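**Q** One structure, pasted below without further comment.
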Amino acid sequence: EAGVAQSPRYKIIEKRQSVAFWCNPISGHATLYWYQQILGQGPKLLIQFQNNGVVDDSQLPKDRFSAERLKGVDSTLKIQPAKLEDSAVYLCASSLRGNYEQYFGPGTRLTVT
Amino acid sequence: QKEVEQDPGPLSVPEGAIVSLNCTYSNSAFQYFMWYRQYSRKGPELLMYTYSSGNKEDGRFTAQVDKSSKYISLFIRDSQPSDSATYLCATSGNAGGTSYGKLTFGQGTILTVHP
């Protein structure tokens, strides 16, 4: 069974630029999550999708972050414009039952200079 | 106050030692308690989960939850160099609740097991 795929693995941008991350979940997993993990901290949930609908985006900074999952499969997370404090690893996870059993991708390491 | 607090360590132990990792949480609505392991440059992977209070054992790993004191523990027996990783505790609420499936993580404890 293929795992959660993410790209790119690394990205370096300057502040005020825009960036997009892509995630392809495990086949058949209806629930998809985006997490932000700042160095030395645990992952923080940004947004949760159930199929192509948003379940929870309460911690998503909506003035600069956006995410979509148009066909209920893969998803993109965008930051526009980026700030220095957005430097982090962005993790995508998927779940079959929408519960604690989540499978994480390798993450995209973003550095904003 | 963070909802889940975890001592970040780092923790360095010799091979074969018993390791104790701990977290505390504040929200009494949490019913599921997980331990995820994260190797360097990788995403977290689910190691164990416990529902409500009690113990759960899986090989060299034992998870304990004490809901009365809001305390979560993971014990690793006969630790191996391959156990070197960051260990993240996480919590989630019950099905039907607003926090079901929404993981709240501690900040992680970095563990190094040296030969």
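**Q** Tell me, yes or no, whether segment B:62-76 has at least one residue that is open to solvent by less than 50 Å² (accessible area, probe 1.4 Å) and among the polar types (S, T, N, Q).
**A** Yes, some residue in segment B:62-76 is open to solvent by less than 50 Å² (accessible area, probe 1.4 Å) and among the polar types (S, T, N, Q).
**Q** I'm trying to understand the selection: among the residues of segment B:25-69, which are farther than 19 Å from A:Gly42 by Cα, out of contact with any Gly (no Cβ under 8 Å at 6 or more places or on another chain) and assigned to a loop (DSSP other than H, G, I, E, B)?
**A** B:Ser28, B:Ser52, B:Ser53, B:Gly59, B:Arg60, B:Lys67, B:Ser68, B:Ser69
**Q** Here is a further query. Name the residues in segment A:50-96 that are in a strand (DSSP E or B), away from chain B (no Cβ under 11 Å), without any contact (Cβ under 8 Å) to a residue 40 or more places away in the chain and open to solvent by less than 40 Å² (accessible area, probe 1.4 Å), would you?
**A** A:Gly53, A:Phe65, A:Ala67
**Q** Still on this structure, please answer the following. Please go through (1) outside any strand (DSSP E or B); (2) farther than 22 Å from A:Gly98 by Cα; (3) touching a Pro at 6+ places or on another chain (Cβ under 9 Å) for B:Val113 and return the number of the only condition it doesn't satisfy.
**A** (1)
**Q** It is to be established whether one or more residues within segment A:10-29 are modelled with pLDDT under 95 and either surrounded by 14 or more Cβ atoms within 10 Å (Cβ to Cβ) or in contact with a Phe, Trp or Tyr (Cβ under 6 Å, 6 or more places away or on another chain) (or both).
**A** Among the residues of segment A:10-29, at least one is modelled with pLDDT under 95 and either surrounded by 14 or more Cβ atoms within 10 Å (Cβ to Cβ) or in contact with a Phe, Trp or Tyr (Cβ under 6 Å, 6 or more places away or on another chain) (or both), which makes the answer yes.
**Q** Something else: Return yes or no: is B:Ser69 away from chain A (no Cβ under 14 Å) and of a type in the set (Gly, Ala, Ser)?
**A** Against the criterion (away from chain A (no Cβ under 14 Å) and of a type in the set (Gly, Ala, Ser)), B:Ser69 qualifies.
**Q** Of all residues being at pLDDT 95 or above and not charged (D, E, K, R) in segment B:48-61, which is least open to solvent (accessible area, probe 1.4 Å)? Just the residue, please.
**A** For segment B:48-61, the residue satisfying everything is B:Phe61.
The values are calculated or read from the model by the stated rules, or taken from the named source; none is laboratory data. For clarity, every value in this text was computed on a predicted model and none was experimentally measured. Don't worry about glycine lacking a Cβ; one is built from the backbone with ideal geometry, like all the others, and counts go over all protein chains shown. The accessibility values were calculated without ligands, DNA or RNA, using every heavy atom of the protein model including side chains. Shrake-Rupley method; radii C 1.70, N 1.55, O 1.52, S 1.80 Å.
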